1. Show me 42-54, 109-121 ranked by packing, highest mean number of other Cβ atoms within 10 Å first.
2. Return PHE79, PHE137 ranked ascending by Cβ neighbour count within 10 Å, so the fewest neighbours appear first.
3. Where does each of TYR125, TYR35, TYR60 land when they are ranked from fewest to most other beta-carbon atoms within 10 angstrom?
4. Cross-link partners among lysines for LYS151, C-alpha distance below 19 Å, same-chain residues fewer than 8 apart left out?
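FYI, it's all coordinate maths here, none of it is from the lab. These numbers come from a predicted model, not from an experiment. Note that we place each Cβ from the backbone using ideal geometry, even for glycine, and neighbour counts take in every protein chain shown.
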Amino acid sequence: MLETAAVTTGGAGGGGTGAPLSAATPIPLMDWERYTQLLAADILKEQSPRALLAARARVYELLVNCVPADTIIKRLSGFLIATGEGVVTGSAALPSTAATVMGVPGARPLPEEIRHEIAHWAAHYEHRLQMGNKELFHIEAFIVRVMAVVKAGPTGAFPSGGGAAGAGGSGFAR
């Protein structure tokens, strides 16, 4: 990563502008991180069975390339949560608009309540991931939950609590 940053900026003998590396030098994302960022953008762009199938293929590709499942959930939730503040590109955050989030037209920034829900469900499914052995299923369940929360919006139409379906709950257990 630092070699790429040095070549890009020209620091440490690179062919760029000649500026030395500093704390303000943006460090580019690794390929798997960019791929995870695209996955997060796809989740925000569309919440449908078709989008879930495409997301599953992306997660499978990450797992096949030896990216640990807990790392996938951590980075994916980090990118999703960061959309409320701005677009994450390298180490710099750019302001986002309602029309474009993470470079995806039509995606919308997430409200504070939804970002809290994503953090909660990321911790929940990461714990289940540690307890289980089917990594793809746990990551996919996290993506389904995030899609449901994002689609419902901040109005609370999707209850996050457990409970019986007839007792005011959705039937989904926490």
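1. Numbers: 42-54: 15.7, 109-121: 18.2.
Final packing ranking: 109-121, 42-54.
2. With the sparsest Cβ surroundings first, the list reads PHE137, PHE79.
3. Values: TYR125 25, TYR35 18, TYR60 14.
Taking fewest neighbouring Cβ atoms as first place, the list is TYR60, TYR35, TYR125.
4. Excluding near neighbours in sequence, the set is LYS45.
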